[in-house]
1. Given the conditions (1) at pLDDT 95 or above; (2) closer than 26 Å to Gly338 by Cα, which single one is not true for Leu232?
2. Answer yes or no: is there a residue in the range 338-347 that is assigned to a helix (DSSP H, G or I) and crowded, with 17+ Cβ neighbours inside 10 Å.
3. Within the range 270-290, can one find any residue that is in contact (Cβ under 8 Å) with a residue 60 or more places away in the chain and among the β-branched types (Val, Ile, Thr)?
4. List pairs: first residue in the range 90-115 and at positive phi, second residue part of a strand (DSSP E or B) and among the hydrophobic types (A, V, I, L, M, F, W, C) anywhere in the structure, Cβ distance under 8 angstrom, at least six positions apart or on different chains.
5. Checking the conditions here, which among Glu201, Glu213, Glu209 is free of Cβ contacts under 8 Å to residues at least 40 places away in the same chain and either at positive phi or surrounded by fewer than 19 Cβ atoms within 10 Å (Cβ to Cβ) (or both)?
6. Among residues belonging to the range 93-132 that are polar (S, T, N, Q) and surrounded by 14 or more Cβ atoms within 10 Å (Cβ to Cβ), point out the one that is nearest to Gly51 (Cα to Cα).
7. Do any helices (runs of 4 or more DSSP H) entirely within the range 167-254 hold 2 or more residues that are small (Gly, Ala, Ser), and if so, which?
8. Looking at Val55, is it of a type in the set (A, V, I, L, M), at pLDDT 90 or above, under 17 Å from Cys100 (Cβ atoms) and in contact with a Lys or Arg (Cβ under 6 Å, 6 or more places away or on another chain)?
Amino acid sequence: MKRLLATLPLLLACATPAPSMAPDSSPALAAHTAPEPPSTVFTLVSVEVFGSREVSKASLLEAIGLPAPGSQLDKARVDFGGLLQASKKRVTERWPFALCTYSVVEYPGNQMRVTVNLVDPGDEWRMTFLPPPEGTPADPSGLVTAWVRYLEKLQELRQTGAVPIFGVGTCRGIVCHGGFEHPELANREQAFVDGVPRHFEALVRVLREDRDEVRRMSAAMLLSYHGAREELAEALGGSVKDASAGVRNEALRLLGAIQTGPTRVIIPLEPVLAALWFPLSTDRNKAGWALVRIVEIEGVARRKQILKTSGEMLIQMASMEQPIDHEPARKVLAILAGRDLGADEAAWRRWMAETTAP
């Protein structure tokens with residue numbers, strides 16, 4: 001299980017804090033009972049760029065100037081957010097990209113990968129999202145507030161080592177975000193199990209109308225406790241184009257999860273294909289897994305539509321080192337091609353040209 005920390009605007013808010021002090025107790029007792037905070041030392045496995053069709057990857061990587069792959073970084077001692085911001089400044093001063101954001105993904109074993117997501121001038125159509133809503137719909141039975149508090153407590157427990165950083169835990173929703181096994185979380189889930197189905201329409205209003213993106217994102221997460229999958233798919237469709245990256249991420253995540261299990265396709269293909277062109281790692285990786293679930297059922301039935309609309313992005317993703325990009329893309333392409341060409345971008349391009357030729 002990997003953890004996608006954030007794109008650059010959110011990165012500093014997600015930085016690992018200094019470990020909290022253990023409660024007063026005897027040293028012997030503390031050694032047995034106090035959880036050990038996660039290590040802050042990471043190996044930088046890869047730095048990649050994605051999305052530019054105008055500037056060579058070699059030129060971009062030179063300007064990015066982050067430590068070489070294999071470098072050890074202690075985030076408690078190194079201002080990693082500052083390194084990323086300085087890197088972004090170098091890139092944007094040299095090229096007038098319409099968008100430049102850095103995504104950082106952590107993997108088990110304290111491995112870290114960085115992707116620089118770019119949108120060329122003239123490609124702004126890749127960021128055509130809905131305008132941010134301006135409403136203030138009611139929080140039904142305080143469910144949204146309770147969910148935000150659950151996530152805050154989960155993060156607190158992860159930072160102290162009381163709950164594993166990686167892994168989704170167990171829950172009664174379609175998607176789990178950390179589980180409820182810890183005693184400080186155990187009594188929180190029943191309110192979501194009982195309340196979400198009763199307040200489904202009110203939560204959909206929060207998702208579509210609330211001006212607070214955290215509340216919209218939380219509403220999308222909560223909808224996982226509504227078991228009517230087709231109703232969920234219909235409710236989530238518009239949020240794939242939400243102005244907030246977090247909301248898009250959760251809407252696409254849930255769409256893919258909704259399609260896991262049913263033997264017929266119940267989620268819409270077109271928004272998923274469009275999302276593969278969106279600018280961020282969180283957009284395309286969740287769209288990629290949603291597309292995996294569709295082609296696992298349909299096979300090659302809509303191969304030409306998929307390749308014509310988003311084949312270019314699938315091939316670019318398939319050649320990435322970053323697993324959250326290449327894993328779903330290669331699965332989709334392998335099903336459509338009937339064989340797996342791995343990370344060979346040139347081979348995939350030859351296959352696509354042959355497959356889509358008149």
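The values are calculated or read from the model by the stated rules, or taken from the named source; none is laboratory data. The structure displayed is predicted, hence computed values, not measured ones. Glycine gets a Cβ as well: all are built from the backbone with ideal geometry, and neighbour counts include every protein chain shown.
1. (2)
2. Scanning the range 338-347, I find no residue that is assigned to a helix (DSSP H, G or I) and crowded, with 17+ Cβ neighbours inside 10 Å, so the answer is no.
3. Within the range 270-290 (the criterion being in contact (Cβ under 8 Å) with a residue 60 or more places away in the chain and among the β-branched types (Val, Ile, Thr)), the answer is yes, since at least one residue qualifies.
4. Once the first residue is at positive phi and sits in the range 90-115, its partners that are part of a strand (DSSP E or B) and among the hydrophobic types (A, V, I, L, M, F, W, C) give Asn110/Val41; Asn110/Phe42.
5. Checking each option against the conditions leaves just Glu201.
6. Asn117
7. Correct list: 189-198, 213-222, 229-236.
8. Values: of a type in the set (A, V, I, L, M): yes; at pLDDT 90 or above: yes; under 17 Å from Cys100 (Cβ atoms): yes; in contact with a Lys or Arg (Cβ under 6 Å, 6 or more places away or on another chain): no.
No.
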